[in-house]
Structure formats: structure tokens, C-alpha cells
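The values are calculated or read from the model by the stated rules, or taken from the named source; none is laboratory data. In this text, all values refer to a predicted model and were calculated from it rather than measured experimentally. Glycine also receives a Cβ, built like all others from the backbone with ideal geometry; neighbour counts cover every protein chain displayed. Only protein heavy atoms, including side chains, enter the accessible area calculation; ligands, DNA and RNA are left aside. Shrake-Rupley method; radii C 1.70, N 1.55, O 1.52, S 1.80 Å.
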Amino acid sequence: MISSKLPDVGTTIFTVMSKLATDCNAINLAQGFPGFDCFPFLHDLVTKYISEGYNQYAPMSGVPIFKQRIAEKTKLVYGVDFNGESEVTVVSGATEALFAAVTAVVRPGDEVILLEPSYDSYAPAVVLNGGLPVYVSLNLPDFSVDWDKVKSAITDKTRLIMVNTPHNPCGYVWTQDDLNTLAELIQDREIYVVSDEVYEHITFDGRKHLPLFSHPLLKERTFACGSFGKTFHITGWKIGYCLAPEKLTIEFRKIHQFLTFSTATPLQYALADFMVEPSRYLHLNDFYQNKRDLFCQGLKNTPFEFTPSQGSFFQTVYYGHLSQESDYDLAIRMTKELGVASIPVSVFYHDKTDHKLLRFCFAKEDDVLEKALDLLQKPFF
Ligand SMILES: Cc1ncc(COP(=O)(O)O)c(C=O)c1O
């Protein structure tokens, strides 16, 4: 019998809830994927490149024109320069970028600060590299960062901090103060940052996404991980990128080279053409804000308490004033009895801390959201 390297990891809640949603014929607001397709023009581009024979391995770090376009987009949107050849790497999804970046930095015994609740791939990536996750909980109710707690979690062994803005599952968007404080805390230490920014184009109410590399000191220490899956409604293509200074990119690519070597060639050419038009990603804030507003408007007619999400395509709701049932049990029961699937937020905590919160994904067609809201408005508790 193999001795598991990840003994605590079982079937993920996303798989469990999606299967339950299908079995119960429930509306699936659990797993975080868009319920609509990408622009048909993007299909045409992929088909074109496949039929023109762009079907062999891409260069290890990505197709040059694609890396160039990613660098140009970064300059256009954030005013920050990255060298397309030496500081941009194309990867098979942000999950790969996160794993490669953690692997590039973390050695056995190193401590890695994880802000909880946190996305489920972070801790396994740390543990598989012999690192020790050090968990720091975000502030309730807004899930902002408790900088005093972060400060006291830093030791001589701290090698990395993992950041996620806009945040899944809670939607918190980092402020300039957050960036400045992190920079102050790490400036005199050899601490790196892996910044998961897959929802970079989904922020609301005029908030701007501040990439960590927009701070000069953080830029020198950060691996910024992005995903085209979230930006162009193509989560099934598993394609993303990592932006990092050349010294970090050299180490990052050593890992990427042996994880996947390279990423699907026709997708890279197609996306390089597609992304030349900035409105194709800049419209996302408005597109998703309409959905968030529709969802939150409907939630007002339910007994849940909530603060509208600042970013990402998730909305969390609180039910502790209605029931003391565990969030896990409630999510299962709501799927079975009410017909709406959600994710219990406790799964994003290593010790399954239960704050009586559920996460809904509102990246769905409006009529699906309306149907789900009708169901959520029925007497249930
Ligand atoms: C915070 C966060 N990071 C990373 C990912 C994974 O991105 P990708 O599908 O590009 O691997 C997700 C997907 O849900 C996510 O929510």
C-alpha cells in the first residue's frame, strides 16, 4: 500500500457538490465555472490554427507572440513593464503556475504563510515540497487581512506568503495599504510572494485590481499567476501565465519544464490574436457586476445576511442567525431539499472552521440566477 503524501486530501467538495447537484437535478451554483460560452470568434481562431497545422509542441515558455501580447496587456492595464521573452511564462492553468512557483521557492522546513480561507491547491503545493503551511485567518466579516497576525506569523523560516486578490471565496480586493504593509513586512527578509490574481478583471463598484507587481518592492519578489480560463470563459482550456522578474522566472521555468513542458499550441496562437482587443477583457467588470447586482438584489428577499462581493464571481452569505447547522450539512440539505447547490466556506480552512457561510457562484446565465433566487426565497429554515 502506497503511503500517501497527502493523507488528508480526499474527493474535493467541488466534485461532491457538482455530482450531488446533477443527481438531485439542482441548480449548480457550487463549482466556480461560467455557465456560458466564450465568444464564437475565439472558437474560429482555434479551429483556424488547428487546421493550419499549429499542432506540435509550443516552445517551453510559450509562443513568443503570445508572451509579447501578455506583456503588452500588462503594460496597458497596469502600466507595468515585463519583458515578454524573459519574464512571462505560459502555463497550463493558474494551478500549474501556483505549483511551479511554490516548488521554485519552498525547500523542506520552510514556512509558508497562507491566508485563510484559501483556495484548495495552495496547502498541498506547500506540503508536497516539504514546506510547513502557517495559517493566518482573514478578518471577519469583510475578509480583509489582519496585518498584526501576519506580522506575528513571520519567523526566520518564513520563505513565502501566498496572496489571492480578488479573493475566492470571499471577494475581498487588496488595497494600496495592503500592498504597502506587505512590502514593509518583507523588505528586510528573504520572503517571496505567490500572488493568485486569476480574477484580476472582475472587480466591482469602481474598485481597481492592484496587482502585487504594481508595488516596486513587491515586483522584485512576486510570481503573479493569471488565468485565461476566468477572463475568457474557457476554464476547460487550462491556460494561464506567470509574470515574474527574470531571476525568478529562470527558476520558475525549470519547474514548469518538467511539470508540463509546454501548453497547447493552437490555444496560444488563438488567444494571442483574440486579446489584441482590450474590450474583450475590460468589459468583464461590468458584465459580472450586473450579475452580482442581480444576485444580491434577489438575496435581499431571502433570510441570508450578506455584504455584496467586492470582486471575483462569488458571493458569500451568512446564516448563523437562522440555524446552527454546520455549513457542510446545510449545503448538502439545500441541494437536496431546495434544489440549489453551494459550497460551504469551512472547506477553505485547514481545520474546517465553520463561520456559517455558504459561497454561491454567480457566473451563470441571468435566468439560471433568477430560478435559483426563486428557490432560495422559499421558506426553508
Ligand atoms: C483563486 C483561484 N486560483 C486558481 C484557480 C485555478 O485556475 P486555472 O483553472 O487557470 O488553473 C481558481 C479556479 O477556480 C481559483 O478560483
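Details
- Annotation for Tyr57 and Leu76: the two label points, set 7 Å from Cα along the Cα-Cβ direction, are 3.2 nm apart.
- Heavy atoms of Cys24 accessible to a 1.4 Å probe, total area in Å² rounded to 10: 50
- Each Lys and Arg contributes +1 and each Asp and Glu -1, all at the Cβ; summed about the Cα centre of the stretch 54-277, the dipole is approximately 480 debye.
- Cα-centre dipole for the chain with unit charges at Cβ (Lys and Arg positive, Asp and Glu negative), debye to 20: 480
- Separation in nanometres of the label points that stand 7 Å from Cα toward Cβ, at Glu184 and Phe14: 3.6
- Per-atom-type breakdown for the chain gives carbon and sulfur 52% of the accessible area (1.4 Å probe, protein chains only).
- Where labels lie 7 Å past Cα in the beta-carbon direction, separation of Thr307 and Gln324 in nm: 2.6
- In a fully extended conformation the segment linking Asn83 and Glu337 would gain 86.1 nm over its present Cα-Cα distance, using 0.36 nm per residue.
- Local net charge near Phe380, Cβ-Cβ under 10 Å (Lys/Arg +1, Asp/Glu -1): +1
- Subset of Lys219/Lys364; Lys5/Lys149; Lys48/Lys238; Lys238/Lys336; Lys230/Lys254 violating a 24 Å alpha-carbon distance limit: Lys219/Lys364; Lys5/Lys149; Lys238/Lys336; Lys230/Lys254
- Cα pair distances in the stretch 289-374, grouped into 10 Å bins until the bin that holds the longest one, percent each: 17, 53, 28, 2
- Rounded to the nearest angstrom and listed largest first, the equivalent-ellipsoid semi-axes of the stretch 21-157 from its Cα gyration tensor are 34, 24, 17.
- Contour minus Cα-Cα distance for Gln257 and Glu277 (0.36 nm per residue): 4.2 nm
- Per residue, the accessible area of the stretch 7-109 comes to 49 Å², computed with a 1.4 Å probe over protein heavy atoms only.
- Paramagnetic reach from Thr353 (point 7 Å along Cα→Cβ, amide N under 11 Å) across the stretch 107-139: 115-118, 135-139
- Dividing the alpha-carbon radius of gyration of the stretch 193-313 by the rule-of-thumb value 2.2 N^0.38 Å gives 1.26.
- Full extension of the chain segment joining Asp374 with Gln68 gains 105.5 nm, where the gain is 0.36 nm per residue of separation less the Cα-Cα distance.
- Square roots of 5 times each gyration tensor eigenvalue, C-alpha, the chain, largest first, Å: 32, 26, 20
- Calculated mean residue ellipticity, 222 nm, the chain: -11000 deg cm²/dmol, from DSSP H runs (n ≥ 4) at -39500 (n - 2.57) each, averaged per residue and rounded to 500.
- Solvent-accessible area per residue for the stretch 144-254 (1.4 angstrom probe, square angstrom): 36
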